[in-house]
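Report on the following structure.
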Amino acid sequence: MKLNAAQVERALTQFEAQALPDDHPVVPQLASMFGDHTFFIDSGGLNVLEPAETSEPETPVGMIVNLAYWTDETLTKLSPHEPEPTGIIISLESRH
């Protein structure tokens, strides 16, 4: 799921991570491996947001899905694995 700037900001208020900017040198490689997403890095590794079902269909939400774990203590190397839902639900609804 590709997020716009406002959605990234909303996600980061609900999930402790860093969003990789689209112009980051590693984003094209990640996109070729995992598809066109906004990528988030946290202490657990590489994550994306996937659309999720909710009891309120008019409220857009997504679930954080982990795609790769850190393989070193300095958090510089990632090891990809099958996508794993984290259970973290993010509301993308704008707050007026």
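The rows are residues; the columns are (1) small (Gly, Ala, Ser); (2) touching a Gly at 6+ places or on another chain (Cβ under 9 Å); (3) at pLDDT 95 or above; (4) assigned to a strand (DSSP E or B).
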{"site": "56", "(1), (2), (3), (4)": "no, no, no, no"}
{"site": "59", "(1), (2), (3), (4)": "no, no, no, no"}
{"site": "63", "(1), (2), (3), (4)": "no, yes, yes, yes"}
{"site": "68", "(1), (2), (3), (4)": "yes, yes, yes, yes"}
{"site": "72", "(1), (2), (3), (4)": "no, no, no, no"}
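Annotation: of all residues in region 54-65 being touching a strand residue (DSSP E or B) at 6+ places or on another chain (Cβ under 8 Å) and more than 13 Å from residue 86 (Cα to Cα), the one that is surrounded by the fewest Cβ atoms within 10 Å (Cβ to Cβ) is 59. Test of understanding: among 50, 93, which residue is part of a strand (DSSP E or B), in contact with a strand residue (DSSP E or B) (Cβ under 9 Å, 6 or more places away or on another chain), in contact (Cβ under 8 Å) with a residue 12 or more places away in the chain and not polar (S, T, N, Q)? None of the others qualify; the one that does is 50. In the set (1) modelled with pLDDT of 95 or more; (2) assigned to a strand (DSSP E or B), the condition left unmet by residue 28 is number (2).
The values are calculated or read from the model by the stated rules, or taken from the named source; none is laboratory data. The structure displayed is predicted, hence computed values, not measured ones. All Cβ positions, even for glycine, are placed from backbone atoms using ideal geometry, and neighbour counts span all protein chains on display.
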